[in-house]
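Asker: What follows is a structure written as C-alpha cells; I'll ask about it next.
The values are calculated or read from the model by the stated rules, or taken from the named source; none is laboratory data. For clarity, every value in this text was computed on a predicted model and none was experimentally measured. Glycine gets a Cβ as well: all are built from the backbone with ideal geometry, and neighbour counts include every protein chain shown.
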Amino acid sequence: MTITEQEQQIILSAINASAMEPHDPQYPLTIEEKVIEKITLFNSLLNENSPAVKHLRSLNGQNGSEIKHISGVILGVFKEQSSSRGIVVFKTEPHERWNKRGIEVARTERMNDSRLALKMAHQLRNHIGYKVVATIEVRKAGDFKVRVIHNFTVVGRDDYYGQGIGFAEAKSLGRQEYQRITQEQLGR
C-alpha cells in the first residue's frame with residue numbers, strides 16, 4: 001500500500017516537532033519513538049471529534065455560533081463565582097441606538113476546566129487600560145447567549161483609562177446593571 005499525501009504530511013510534521021523537542025534524560029527515546037509519539041498525538045488531534053477540531057470549527061462559525069470582533073479598552077476582569085469564568089468589561093465607542101454607554105461584556109471559557117482560559121484571564125487582567133481587538137464567539141447556551149473571548153490583540157495603552165478611571169468605572173457596574181447590559185447585548 002502506497003503512503004498517502006496526508007500521511008506524509010503527518011509524518012513530516014512529527015519529524016519537525018520531534019527535532020524541536022529537548023532531550024528528556026528521564027525517558028530517553030529514539031528519534032523513531034519520538035516521531036511515533038508525535039504521530040499518535042497528531043492523529044488524535046485530527047479526529048473530527050477532538051477538542052482541537054471542535055475549537056477550530058467554532059472559530060470559523062461552523063458550529064452555528066456567531067463570531068464578532070470588539071474594539072475597546074479593557075476596564076476590568078473579574079471572576080464570576082457561579083461559573084468560574086473571567087468576566088471582561090470593555091469600554092467601546094457608544095452607539096446612540098444599540099449601546100449608549102459604550103460598555104461591552106464578554107467572558108472567558110471556564111477557568112476550572114481549562115488552563116488556557118486561566119492564562120487568557122491573566123493576560124486580559126495584565127492589559128487593563130489597554131485598547132484591544134477581541135475575537136468573540138456568541139454561543140447559544142439553552143435559552144441564553146454567551147459571549148466567549150477566543151483571542152485578543154493589543155493595540156496600545158489608553159491614557160485615560162490607563163489611569164485607573166476605567167477600572168473604577170468597571171467596578172461601579174452593579175450586578176443589576178451588568179445583567180441589564182448583558183441581556184440587551186445578547187437578546188436574552
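Asker: Within region 115-145, can you find the residues that are out of contact with any helix residue (DSSP H, G or I) (no Cβ under 7 Å at 6 or more places or on another chain), among the small types (G, A, S) and surrounded by 15 or more Cβ atoms within 10 Å (Cβ to Cβ)?
Answerer: Of everything in region 115-145, those that are out of contact with any helix residue (DSSP H, G or I) (no Cβ under 7 Å at 6 or more places or on another chain), among the small types (G, A, S) and surrounded by 15 or more Cβ atoms within 10 Å (Cβ to Cβ) turn out to be A117, A121, A134.
Asker: Can I ask one more? Which of the residues spanning region 147-161 are surrounded by fewer than 18 Cβ atoms within 10 Å (Cβ to Cβ) and either β-branched (V, I, T) or at pLDDT below 65 (or both)? Walk me through it before giving the result.
Answerer: Taking region 147-161 first, the residues surrounded by fewer than 18 Cβ atoms within 10 Å (Cβ to Cβ) are 150-151, 153-157, 159-160.
If the condition is that a residue be surrounded by fewer than 18 Cβ atoms within 10 Å (Cβ to Cβ) and either β-branched (V, I, T) or at pLDDT below 65 (or both), then T153, V154, V155 are the ones that fit.
Asker: Name the single residue, out of those in region 15-36 being in a helix (DSSP H, G or I) and within 22 Å of L116 (Cβ to Cβ), that is modelled with the highest pLDDT.
Answerer: A17
Asker: Can you pull out every residue in region 37-49 that is assigned to a helix (DSSP H, G or I) and either touching a strand residue (DSSP E or B) at 6+ places or on another chain (Cβ under 7 Å) or polar (S, T, N, Q) (or both)?
Answerer: T40, N43, S44
Asker: If you don't mind, there's one more thing I want to ask. Working carefully through the options R97, R101, R125, R110, find the one that is at pLDDT below 85 and touching a strand residue (DSSP E or B) at 6+ places or on another chain (Cβ under 6 Å). Let's see the steps before the verdict.
Answerer: On the way: R97 fails: touching a strand residue (DSSP E or B) at 6+ places or on another chain (Cβ under 6 Å); R101 fails: touching a strand residue (DSSP E or B) at 6+ places or on another chain (Cβ under 6 Å); R125 fails: at pLDDT below 85.
Just one listed residue meets the conditions, R110.
Asker: Assuming N112 fulfils every condition listed in (1) more than 18 Å from Y160 (Cα to Cα); (2) polar (S, T, N, Q); (3) without any contact (Cβ under 8 Å) to a residue 24 or more places away in the chain apart from one, which condition is it?
Answerer: Among (1) more than 18 Å from Y160 (Cα to Cα); (2) polar (S, T, N, Q); (3) without any contact (Cβ under 8 Å) to a residue 24 or more places away in the chain, N112 violates only (3).
Asker: If I filter region 56-69 for residues that are over 25 Å from the mean Cα position of the chain (by Cα) and of a type outside the set (A, V, I, L, M), do I get at least one hit?
Answerer: no
Asker: Name the residues in region 84-120 that are within 16 Å of the chain's Cα centre (by Cα) and not in a strand (DSSP E or B), would you?
Answerer: S84, M111, N112, D113, S114, R115, L116, A117, L118, K119, M120
Asker: Could you check, for region 50-66, whether at least one of its residues is part of a helix (DSSP H, G or I), surrounded by 11 or more Cβ atoms within 10 Å (Cβ to Cβ) and touching a helix residue (DSSP H, G or I) at 6+ places or on another chain (Cβ under 7 Å)? Before you say what the answer is, go through the steps one by one.
Answerer: Residues of region 50-66 part of a helix (DSSP H, G or I): 51-59.
Still in the list and also surrounded by 11 or more Cβ atoms within 10 Å (Cβ to Cβ): 51-59.
Add one more test, that the residue is touching a helix residue (DSSP H, G or I) at 6+ places or on another chain (Cβ under 7 Å), and what stays is 52.
Within region 50-66, one or more residues are part of a helix (DSSP H, G or I), surrounded by 11 or more Cβ atoms within 10 Å (Cβ to Cβ) and touching a helix residue (DSSP H, G or I) at 6+ places or on another chain (Cβ under 7 Å).
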